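The values are calculated or read from the model by the stated rules, or taken from the named source; none is laboratory data. These numbers come from a predicted model, not from an experiment. Quick reminder, even Gly has a Cβ in these numbers, built from the backbone with ideal geometry, and neighbours come from all protein chains shown. Please note that ligands, DNA and RNA were not included when accessible areas were found on the heavy atoms of the full protein model with its side chains. Shrake-Rupley method; radii C 1.70, N 1.55, O 1.52, S 1.80 Å.
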Amino acid sequence: MKVTVNKGISIVLMLVAVTYLIMSFLLPEYPFVPVDADLIPKILGFCLLILSFCFFFSKDLDTEEQKAKRVIPRKEVLMLLAIMGLILIYITFLEVAGFIIMTTAFIIVCSRVLGYKKWVPNILTAIVFSGSAYSLFNYALSIRLPAGILPF
């Protein structure tokens, strides 16, 4: 059996999914919350595992055009590294600054790095998404997100 690019990537994704699922099953359970903190990670892990299996069995035609598409320009590599750095900064300061502040800042800066130039829609989207996600998790699902320096 020939190992194609799709098969190789799907095997790596399966390993990531299994590791992620093992870690999600190790999360502690909380008795007094309607939706436990491990529900979303388990759903995401199973979705990744199922999609990895589908990707493994998908037909892969390795043409010259596909090989040419795999070459990533230097500018895009630098952009990916910048986004990775922003993610690390987000993770580092999430507990201190809080979910709303860090998520809003992350969305605004990421959008600018990715080339979105309009400030007003960018800022409005970041604020509405951050506030909505915080409200949904904290109040509707009773899953506490870091408040940080904000008083709520």
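Kindly identify region 1-87 as rounded, prolate or oblate by the Cα gyration tensor criterion: order the square roots of the eigenvalues as a ≥ b ≥ c, call it rounded if a/c is under 1.5, otherwise compare a/b with b/c, prolate if a/b is larger, else oblate. It is oblate, given that a/c is not under 1.5 and a/b is not larger than b/c.
Restricting region 98-152 to trypsin sites (Lys or Arg not before Pro) that sit in a DSSP loop and have at most 10 other Cβ atoms within 10 Å of their own Cβ leaves Lys117, Lys118.
Between Phe55 and Thr125, what is the label-to-label distance in nm when each label sits 7 Å out along the Cα-to-Cβ direction? Computed distance between label sites Phe55 and Thr125 equals 2.4 nm. Angle of helix 5-25 to the longest C-alpha principal axis of the chain, folded into 0 to 90 degrees and rounded to 10: 30°. Along region 135-147 the Karplus relation, 6.51 cos²θ - 1.76 cosθ + 1.60 evaluated at θ = phi - 60°, assigns HN-Hα couplings of 5, 4, 5, 6, 9, 7, 9, 6, 10, 6, 9, x, 7 Hz to successive residues, with x for each Gly and Pro. May I ask for log10 I(q)/I(0) of region 105-152 at q = 0.30 Å⁻¹, from a Debye sum over the Cα atoms as equal point scatterers with solvent left out? Each listed q maps to, in turn, -1.04.
Probe radius 1.4 Å, ligands and nucleic acids ignored: give me the carbon and sulfur share of the accessible area of the chain as a rounded percent. It is 76 percent, rounded to a whole number.
Take every Cα pair under 8 Å in region 1-68 that's 6+ residues apart, average their separations, divide by the length, and report that relative contact order as a whole percent.
On the way: 48 pairs, mean separation 31.2, N = 68.
Averaging sequence separation for qualifying contacts and normalising by length gives 46 percent for region 1-68.
Which of rounded, prolate, oblate describes the chain, given a ≥ b ≥ c as roots of the alpha-carbon gyration tensor eigenvalues and a/c under 1.5 marking rounded, otherwise prolate only if a/b is larger than b/c? Please report the intermediate quantities before stating the final value.
On the way: a/c = 2.66, a/b = 1.30, b/c = 2.04.
Oblate shape, in that a/c is at least 1.5 and b/c is the bigger or equal ratio.
Close amide H contacts of Ser142 (hydrogens built in the peptide plane, cut-off under 5 Å, sequence separation of 5 or more or a different chain): none are found.
The HN-Hα couplings worked out from phi for region 36-44 by the Karplus form 6.51 cos²θ - 1.76 cosθ + 1.60 (θ = phi - 60°) are 6, 5, 8, 5, 4, x, 5, 4, 5 Hz, whole numbers, x standing for Gly and Pro.
When the dipole is taken about the Cα centre of the chain, and only Lys, Arg (+1) and Asp, Glu (-1) are charged at their Cβ, what size is it in debye, to the nearest 20?
Values: 13 positive and 9 negative charges, 124 e Å.
In debye, rounded to 20, the chain gives about 600.
Placing unit charges on the Cβ atoms of the charged side chains and taking the dipole of the chain about its Cα centre, the candidate lying farthest along the positive direction among Leu81, Ile149, Tyr139 is Leu81.
What number, rounded to the nearest 500 deg cm²/dmol, is the helix-based mean residue ellipticity at 222 nm of the chain, given -39500 (n - 2.57) per DSSP H run of at least four residues and division by all its residues?
Numbers: 6 runs with 101 residues, N = 152.
Taken over the chain, the calculation gives -22000 deg cm²/dmol.
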